[in-house]
Amino acid sequence: MSAARTLTELLGPRPRMTLVVAEAQVAEIWVEGRAPLITIRDYDWGETDPQPSRDADGFPFTKINWRGPAWALGLSLYPPEKETSMAQPDLKHIPLDELRISKLNMRHGRKKPDVSDILPSIRESGLRQTLLVRREGKYYGVIAGRRRFFALKEIAKETGEVPFVPCAIMTEKDAASAIAASVIENVGRLPATEMEQYEAFKRLNDEGKALEDIASFFGVTELLVRRVLALASLDEPIRKLYAEDELDRETIRALTLATPEQQAEWFRLFQSETERAPMGRSCKAWITGGTTITTDKALFDLDAYEGQVTADLFGEHGVFADADQFWKAQSAAIAERVEAHRADGWSDVICLERGAYFHRWEYVQCAKEDGGKVFIEIRHDGTVQFHEGQVTSAEARKRQQGSKGEGDAVPAAVRPEMSGPLAEYILLHRHAAAQASLATSPAIALRLMVAHAMAGSALWDVRPHELRARKDETQASVEGGASVAAVAQATAQTDALFKALNVSPALRRNGDDYRLCELFSALLAMSDEEVLTVLASVMARTLEAGNSIVEAVLHVCGTDLSAAWKPDETFFDLTKDKRAINAMIADIATASLADSCRTETGKAQKQVLANRIAGEGCEANPDWRPGWMQVPPTRLVEGAGSPPADAWTRVAGLFEAEAEATPDETRETQQDAA
């Protein structure tokens, strides 16, 4: 097959539409021999519809399933011989300041799009594709090419010049064709899902089409094309699982790093009834052997590296497939740096054991001329740091004492009593003994686990939850709530336990070995009750938001959300769906009142709801909470997406048996288990 085939040949012929014209009207529409179901999205009606549908961006529209004759849509009012041909529109260069986004453009009124991906190409080469416009009053309305239009506006702002834009001009009267052109421009090219995109991209890539050409044709970035094509490295059974929504996005991205053998082993684990396949972050750690070493850590020339580097298209850097091969090359590069430092006049260059931290408080700054040394710190993730001009505190004291008695005499360096391999042998045997001891010492292990949760380690990636909302109003509402205040109070109480022992209680992500031991020592001095209090506080601060575990905790703890939250101004401002507002009115009042309010505006309905809560003209109901803020949560609109209700539905079966037990029975069961 020739690589010179056109995109149309590679993607297959376009579907053929047939309009059946009878008596100057389009009586029927046929697409490849079948009459299509016609669905209209009317965004104008959506603004006033009491129960609108919403698109992926959250904009309201009214969905119309068309049952009338096709000609009534205005697709054509004339028989073919009288229609204006759109195959050869007039071409003209129009000043940019004479262009506006047409109201017929399907994305008219949306927020300004991100054009950073196409700006460089347009700056360098100009427009490769004309805008499709039509005369609308004294301006030209852009039907297709909205992103290109905004990119040109950015360039005009940068240069201060108004460019002339190549445009294809449609007739002013052909509104239906303009709408159709806008739809094709915005949704007709790029396939909807990653798997559909993969099929289209792969066909083009197999025929030798450059990534730039594929990206340009579909109007996407080259990075998106590369990411989608990464699915080509996956076995067919794994791709099928993803296509059927059996795998989450984080897991499928991690599997793009796997070798064929690893993919086969992962799929075996997935199908096993007794073993469990790693998912999400655990999957990536499983593939990389527990530690991910990225290419930015290499001290050597990547072009000369003979090992395999896996491109992590969903991260900033590639990943070394073989850790042993990486360390062989990295060690050689470190040895070269050691010799270079010695040749540069440093008195000594010392490599710390891999994983050992360079604790600055144990060293003193010392110039090269005064006998300063270089210490090399090597982390398990491949990071190498050179600490120049340092001596140990003990050596500095010896030098100071020697200078008092014998001038500038410096005691000879003490030779280590162990070689590197012997030290590794001893340390690993000691580690194994420590593991065995912990396995039979639950009280000590509990304290060490809490210390790890507070300080982290090379094997523990720990960080506290950071409250970051998209809207300032949401941020302020949550920060001012009773729950955040309760967590702060609990944190202050546990912090006091550490401060009493002169230990900082702050949570630090992946702290050093000394910090971990410091916390461990403090926890050993606390009672079991105090340690459990610290554990509860730390777990609260490291609880992830927005997932099913939050719903499970609320259920198991029997949380009273009415005491933790009440409807505030931000809640009412953010609640937009009139179906949900109407359901709240029916819940707090009666179904008949909700029916009588159904045609009112959303603002008026929310006022009715607020009055019912406050007791305006009725009995107050300050403890009322919507289904979204109950335990368990419930959806207000049947069949509609509801994040809290969906999260609980996913895991409810794991806790339903527990829900049927009384608190006393649950407590007895916990005591028996203990």
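The values are calculated or read from the model by the stated rules, or taken from the named source; none is laboratory data. Keep in mind that what you see is a predicted model, and the values were worked out from it rather than measured. Neighbour counts run over all protein chains shown; Cβ positions are idealised from the backbone, glycine included.
Each row is one residue, and each column tells you yes or no for (1) assigned to a strand (DSSP E or B); (2) assigned by TED's automatic domain parsing to the domain that holds Thr295; (3) out of contact with any Asp or Glu (no Cβ under 8 Å at 6 or more places or on another chain).
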{"residue": "Gln330", "(1), (2), (3)": "no, yes, yes"}
{"residue": "Ala333", "(1), (2), (3)": "no, yes, yes"}
{"residue": "Glu339", "(1), (2), (3)": "no, yes, yes"}
{"residue": "Tyr357", "(1), (2), (3)": "no, yes, no"}
{"residue": "Ile376", "(1), (2), (3)": "yes, yes, yes"}
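Here the condition is being in the same structural domain as Thr533 (by TED's automatic domain parsing), over 23 Å from Thr559 (Cα atoms) and crowded, with 17+ Cβ neighbours inside 10 Å; of Leu501, Leu516, it holds for Leu516 alone. Scanning the stretch 616-636 turns up at least one residue that is modelled with pLDDT of 85 or more, over 23 Å from Glu544 (Cα atoms) and under 28 Å from the mean Cα position of the chain (by Cα). Tallying residues that are surrounded by 14 or more Cβ atoms within 10 Å (Cβ to Cβ) and farther than 21 Å from Ser477 by Cβ within the stretch 554-589 yields 9. Of all the criteria given as (1) surrounded by 15 or more Cβ atoms within 10 Å (Cβ to Cβ); (2) over 23 Å from Gly480 (Cα atoms), the one not satisfied by Ala620 is (1).
Out of everything in the stretch 353-388 that is acidic (Asp, Glu) and closer than 19 Å to Val338 by Cβ, what residue ends up being modelled with the lowest pLDDT?
Within the stretch 353-388, the subset acidic (Asp, Glu) is 353, 362, 369-370, 377, 381, 388.
Right, trim to closer than 19 Å to Val338 by Cβ and you get 353, 377, 388.
Values: Glu353: 85, Glu377: 88, Glu388: 88.
So, considering only residues that are acidic (Asp, Glu) and closer than 19 Å to Val338 by Cβ, the one modelled with the lowest pLDDT is Glu353.
All of (1) assigned by TED's automatic domain parsing to the domain that holds Met449; (2) among the acidic types (Asp, Glu); (3) surrounded by 15 or more Cβ atoms within 10 Å (Cβ to Cβ) hold for Glu551 with one exception: (1). Return the residues of the stretch 348-395 that are more than 36 Å from the chain's Cα centre (by Cα) and among the acidic types (Asp, Glu); say none if nothing qualifies. Residues satisfying the conditions are Asp348, Glu362, Glu369, Asp370, Glu388, Glu395.
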